[in-house]
Structure formats: C-alpha cells, structure tokens
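The values are calculated or read from the model by the stated rules, or taken from the named source; none is laboratory data. None of the values given here were measured: they were computed from a predicted structure. For neighbour counting, all protein chains shown are included, and Cβ atoms are generated from backbone atoms with ideal geometry for every residue, glycine included. Quick note on the areas: whole protein, heavy atoms, side chains included, nothing else; ligands and nucleic acids left out. Shrake-Rupley method; radii C 1.70, N 1.55, O 1.52, S 1.80 Å.
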Amino acid sequence: MSGTPIKLRVAIWCVCIWIITPGADFVPSGGGVGGLTLAMALSQYPNIEVNVYEAATTFTEIGAGIGLWWRTRMVLRELNLEDDVMRLLDTRPSENRTPTLHYRKADQPEGVSFATIESRGGLVGVHRAEFHEVILRRLSPLCGKHTSKRLVQYIQSGDGSVQLVFQDGSTATCDLLVGADGLKSNVRSTLMQEFAATAEQSGRIPEAAEIRDCIRPRYSGVLVYRTLIPAEILRRVAPQHRVFGGAVQYLGKNRHLMAYPVSRGRFINLAAFDVDPGQEGSFYTEAWVTVADPRGVASLFQGWEPEVGQLIACLAGLKVNRWAVNVVKPLPSFASANVALLGDAAHAMTPFQGAGAGQAIEDAYILSALLGHRLTSRRTLANALRIYSSIRQPQTARVAERSRENGLHFALHGLNGTGLRAVGERIQANFEWVSETDPLDDLRRAVGMLEAAGAQ
C-alpha cells in the first residue's frame, strides 16, 4: 500500500515536518549539524516543505574544527553534499587506506612517537562554521527560517498530533516531532518522562528510575580547551611543525592535546584536554562553556615536549573556550509514538572518536530515508520511527563506548604494564569501524524492515 506524500516543516530548535495531503507532520528540533542535515535531506522530496525554527536570533554554529571520517563521507556522498564539503579543502583526500592520526607520548622533555593509525580516506578536517554554511546553502529556497523560537514543551494528543509550545507564547501542531535540540534537550526530557510514567503504570518502578536517570547529562570528567590558531602564527614560531602535515595527538598522564589543519590550512584546530576520571558520572555544576585564560592552559602542559610548547605559545592573544564535556547515558529508545530524537539530544558522547557530528549526520540520513519512503504515512509513522531507533540506538551506543575507551587510552590510563605499543593497537582497533563498515548496510536494513512491514 502506497503511503501518503509528505509535506515537511523543519525546525532548527524545532524542526516541523508536515504531511499536508492528508498525511502527517514531522518536527525535528535543534539547530546544529544533525537538524539541518535532516532538513536538507528531506528537501529532496518535492512534496516536503521544511520550516526551520532557531532559538537564537541568527543561524550560527559554534565550535572550531570537525573531523569527517570515510563512513561520514559516504553518507555525505549519498546526500549529494560531499563535493560541496570537498571544496573546503585544498586537495581531495585519498580513497585508499592511509596514515591518519599520529600519536606521541609528549609529557616529557623529549617526546616519542609510538603509533600512527591508518584508515580508509584518512580524517578530513573542516571548519565547523564552514560545514554549517554548506548545509544552509543547500536548504531549499522554499524552506522557511524562523529565529527566536525556543520550544518550551510539546503535548501528544490522542489523535496522533503533537502540539508545540514556544517560549514567546506561539504554538504549532504537527504529526511528528523530532528533537534535535542538543545536549540539554527539552524533547528528551519530556520523552523520557513519558517512558518512565508508562513503566510506573506497569509496576516497573526500578526501570522508571533508570529511565529518568537518562534525562540530565552527566559529566565525563573531561575539560577541553578549544581554539583556532592562525597558521601564520604557528609558522612564525615553528615553520616545520609536525601538525602542518596532518593530525597529531600528544598524550600524557591525565592530559592530551590534538591539533590538525582546517580551512585549507589557514588555521590549526587545537583541542587540549584535562581529564579527571574520578569525576566521570557526576553532575557538572559550573558553567559548561567559559572563556579560558591561555596562561592557565599553558600551565597544564608545562614540562611537555617542545612541539606542544610551540602550539601552546600561539594561544597568547587568542580566544580560548573551555568546555565541560557532558554526555547522555544510553537511552532505552530514540522514539515513542510520534516523537523521536536525533544527534546530541539522543546520544551526546565524548569527542574521542571524532564521531559526534558524523553520528548526527547518520541519524539524519536514516531518518530522512524512512520518512521519505513511499510506505511512510500517518498510519505507519510510529513503525518507521521504531525502525529508525532500532538501527541507530545500538550503533551510537557502541560508538559512545569506543569513544570513552579511547579517552582513557589518550590519558594513558589502564596500561597495566602493557606499554605504549599496546595502547596504539587498542586505539587502532577502536577506529576500525570508521572506514571498514558501510553506512549503506544500515540504510538497506532499515528500508528492508520498513518494506517487510508494509508487505505484511
């Protein structure tokens, strides 16, 4: 049975996807990479209308560099975005397996290289704001863009519709809400409360408590200092610095630093990490993002090898942001009834796989294919969302755990006398999936499940 054509209204804080003729509405919420990619992907369907709602007064993206692995590039290729992204680079990266990340033990006067991991296609570094702009340019001219719209709550009705209530008092009604509203997601909070209430009604009190424990983000024990160093500044300090040739990670006990070129080599993306594993799982009560004193960052890396000192010396006069890395505990599901989650709202993780943005893009890829399928209609929406969750929830949980493990390796924890060579082998193993697995396999499974259900 053919589904009803979809009309889509997409929000950045709240992305509303409307099925107009008689069909269903969908609303993704959140203005980052995942929400915009979903909006762009859905705009390929001629009967989908997209409206983007942003809580801020302008459409912007914060952050510095973003890494794109082979697997993410394959998704971008399928979404016809890869060529646009590649134009941000000086040269198109290799399609072959290539040296990608170089590792040095650097918390000593003379550093030592101990591993270079390989991956298919390498790691493509781009400026996050430039990547954001690529997606914005590809949004359909029919896509409405609305700023200063913050979702306060949503209400699911018995008829399957979802009412959205914004902070300015305005409301909207849709048939599907997709929350892409980030780490502090209001949509996740309400969705988990609904799950917990259902569990309580069935007498599953401990399960309800576990579900509610997923609402509030937890501190990972990691602080990260981020900035973009103009390449000419580093060249004045160290014209032959190793990072001009590609991504390098400098490791030490409880601290590590990563640097790589972005924006056609005009900048060096730098992220310096300060790790306290004993704080993992706590609640971070200070401001999550603050401006840091470069001198404080320099004090963290005193006594490290000269290559690190040269990078740190470039921070003087630059704006350095300090981020507390918070994560979302694994959720029981990404969807219920006519509400779903996407990106950090569903699976915020540590950055030690370089995969947070990539996983949000994969969410959008799978979800857009299911929503745009001919078998998806108002009647079958809930099933399409169940399939989306069944594909994406276990995958993102595996990536998040690999990222957590890498974070411990980078901070040189858990060596147990095995030495640096073993650390390098473990890091390589944790990165294999980014180039040796195929996101198209997930798409085929998702579509196969949808079509099997339709045949029944």
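Brief remarks on what is shown
- For the range 95-200, the relative contact order comes to 14 percent (Cα pairs under 8 Å, sequence separation of at least 6).
- In the chain, helices alone account for a calculated mean residue ellipticity at 222 nm of -11000 deg cm²/dmol, with every DSSP H run of four or more residues adding -39,500 (n - 2.57).
- Across the options G448, S185, G354, the greatest Cα extent toward the positive end of the charge dipole of the chain (unit charges at beta carbon of Lys, Arg, Asp, Glu) belongs to G354.
- Surface listing: K105, K145 arranged by accessible area from highest to lowest gives K145, K105, probe 1.4 Å.
- Quotient of C-alpha Rg and 2.2 N^0.38 Å, computed over the chain: 0.99
- When nucleic acids and ligands are ignored and a 1.4 Å probe is applied, D344 ends up with an accessible area of around 70 Å².
- Cα-Cα P(r), the range 227-338, percent of pairs per 10 Å interval: 12, 39, 28, 14, 6, 1
- In Å², nearest 10: area of T380 left accessible to a 1.4 Å probe: 30
- Over the range 138-235, relative contact order from alpha-carbon pairs under 8 Å, at least 6 apart, %: 16
- For the range 124-214: rounded, prolate or oblate by the Cα gyration tensor [a/c cutoff 1.5]: oblate
- Computed about its Cα centre, the charge dipole of the range 176-220 is approximately 180 debye, with only Lys, Arg, Asp and Glu carrying charge at their Cβ.
- In the context of the full set of protein chains, residues of the chain present 40 Å² of accessible surface per residue (probe radius 1.4 Å, heavy atoms only).
- Phi angles across the range 272-281 convert, under the Karplus curve 6.51 cos²θ - 1.76 cosθ + 1.60 with θ = phi - 60°, into 3J(HN,Hα) values of 10, 10, 10, 10, 10, x, x, 8, 4, x Hz, Gly and Pro given as x.
- Accessible-area rank, largest first, for T227, T147: T147, T227, with all protein chains present and a 1.4 angstrom probe.
- Put the Cα centre of the range 112-136 next to the Cα centre of the range 388-413 and the gap is 18 Å.
- Accessible surface of the chain [probe 1.4 Å, protein heavy atoms]: carbon and sulfur percent: 50
- Anisotropy class of the range 98-166 from Cα gyration tensor, a/c 1.5 cut: prolate
- Sparse-neighbourhood loop sites, trypsin sites (Lys or Arg not before Pro) in the range 311-406 - DSSP loop, at most 16 other Cβ within 10 angstrom: K319, R374, R379
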